[in-house]
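The block underneath contains the structure these notes are about, expressed in structure tokens.
The values are calculated or read from the model by the stated rules, or taken from the named source; none is laboratory data. Note that the structure is a prediction, hence the values are computed from the model and not measured. Backbone-built Cβ (ideal geometry, glycine too); neighbour counts: all protein chains shown.
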Amino acid sequence: MIEVRKHDFDVGFEYESIRKIAGDAGAIVTFSGLVREFYYPRIESMKSIKTLLLEHYPGMTEKALEKIESDARKRWDLLDVRIIHRVGLLKPQDQIVFVGTATAHRATAFESAVFIMDFLKSNAPFWKKENDDGEGKWVQSRDRDIKALRRWSV
Amino acid sequence: MSFVVDIFYFASVREAMDCDKEKIELPGATARISDLVGLMAAQNKKFLEVQKAGVAPLLVSVNQELATGETAISEGDEVAFFPPMTGG
């Protein structure tokens, strides 16, 4: 299941939904990504961000997330997959993204959740703009996120 | 003979173009993305700047699938230009 939406999610609710659907799951892994106040804590001059704008491409974003779920299901036997990504204006400590996977055994649950997040970072059309007190700044894609895709032999 | 495609811009590309969508007419019945980009760079200074500027490549999609310069386009296709993605 994939969803792109403005409103917040409740991790407990999503976990219970996965648990009901997953049937004979031995393992459920959930991940939540949050908005951090400081993106570059080592740079002293970095101001704290006040808001984070999440922009997306309606239609293409959903298709990209569906493909990520489908690719994960091809690699592993997943009993349930849940991906929720928020869009719109968020602030520090807000939840941005939820990924949940349910499988028979724990290794698969962890691996598939990492796979989904790695692809979600670079292959799903979302763009982030940080706003402090001055002009907003678009977040640049990071080498490390692009390199993370290599470990999946794509 | 000519055809029209819908162009969408996102994120920093949208800001640089000062526009979120427009229609562009091309000659003939089909073309490649590289032809469209050439036409847009010639017609619109802002697009030329977007192409030249930036440390990251400009990405393009056709009908909501990632595309390259070789991808073909024809009447009614949806083309989008955007920077590398930063989700999650």
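Before we move on, is A:LYS50 within 14 Å of chain B (Cβ to nearest Cβ), basic (Lys, Arg) and closer than 30 Å to B:ASP20 by Cα?
Working: within 14 Å of chain B (Cβ to nearest Cβ): no; basic (Lys, Arg): yes; closer than 30 Å to B:ASP20 by Cα: yes.
The answer is no for A:LYS50.
Do we find that B:ALA11 is touching a residue at least 60 places away in the same chain (Cβ under 8 Å) and not charged (D, E, K, R) in this structure? If you could, list the steps in order and put the result at the bottom.
Working: touching a residue at least 60 places away in the same chain (Cβ under 8 Å): yes; not charged (D, E, K, R): yes.
For B:ALA11, the condition - touching a residue at least 60 places away in the same chain (Cβ under 8 Å) and not charged (D, E, K, R) - is met.
Only one of B:ASN63, B:ASN44 is surrounded by fewer than 18 Cβ atoms within 10 Å (Cβ to Cβ) and within 14 Å of another protein chain (Cβ to nearest Cβ). Can you tell me which? Spell out the reasoning first.
Details: B:ASN44 fails: within 14 Å of another protein chain (Cβ to nearest Cβ).
That would be B:ASN63, the only listed residue that is surrounded by fewer than 18 Cβ atoms within 10 Å (Cβ to Cβ) and within 14 Å of another protein chain (Cβ to nearest Cβ).
Given the residues A:LYS137, A:LYS50, A:LYS121, A:LYS129, which is the only one that is under 12 Å from the mean Cα position of the chain (by Cα) and not hydrophobic (A, V, I, L, M, F, W, C)?
Values: A:LYS137 fails: under 12 Å from the mean Cα position of the chain (by Cα); A:LYS50 fails: under 12 Å from the mean Cα position of the chain (by Cα); A:LYS129 fails: under 12 Å from the mean Cα position of the chain (by Cα).
Unique residue meeting the criteria: A:LYS121.
When you go through (1) outside any strand (DSSP E or B); (2) more than 14 Å from every other protein chain (Cβ to nearest Cβ) one by one for B:ALA16, which number turns out not to apply?
Just one mismatch for B:ALA16, condition (2).
How about region A:60-154: which strands (runs of 3 or more DSSP E) wholly inside it have at least 2 residues that are at pLDDT below 95 and not hydrophobic (A, V, I, L, M, F, W, C)?
Working: elements: A:80-86, A:88-90, A:95-103, A:126-131.
Counting at least 2 such residues, we get A:126-131.
Residues being away from chain B (no Cβ under 12 Å) and in contact with a strand residue (DSSP E or B) (Cβ under 7 Å, 6 or more places away or on another chain): count how many of those fall in region A:114-154.
1
Please work out which residue is nearest to A:LEU54 (Cα to Cα), limiting yourself to region B:66-86 and to residues that are out of contact with any Lys or Arg (no Cβ under 6 Å at 6 or more places or on another chain) and facing chain A (nearest Cβ under 9 Å).
B:MET85
Within 18 Å of the chain's Cα centre (by Cα) and modelled with pLDDT under 90: does that describe A:GLU37?
Values: within 18 Å of the chain's Cα centre (by Cα): yes; modelled with pLDDT under 90: yes.
Yes; evaluated as a whole, the condition is true for this residue.
Mind checking which pairs have a first residue in region A:4-23 that is of a type outside the set (Ser, Thr, Tyr) and a second that is in a helix (DSSP H, G or I), Cβ under 9 Å, 6 or more apart or different chains?
Qualifying pairs under 9 Å: A:VAL4/A:THR61; A:VAL4/A:GLU62; A:VAL4/A:LEU65.
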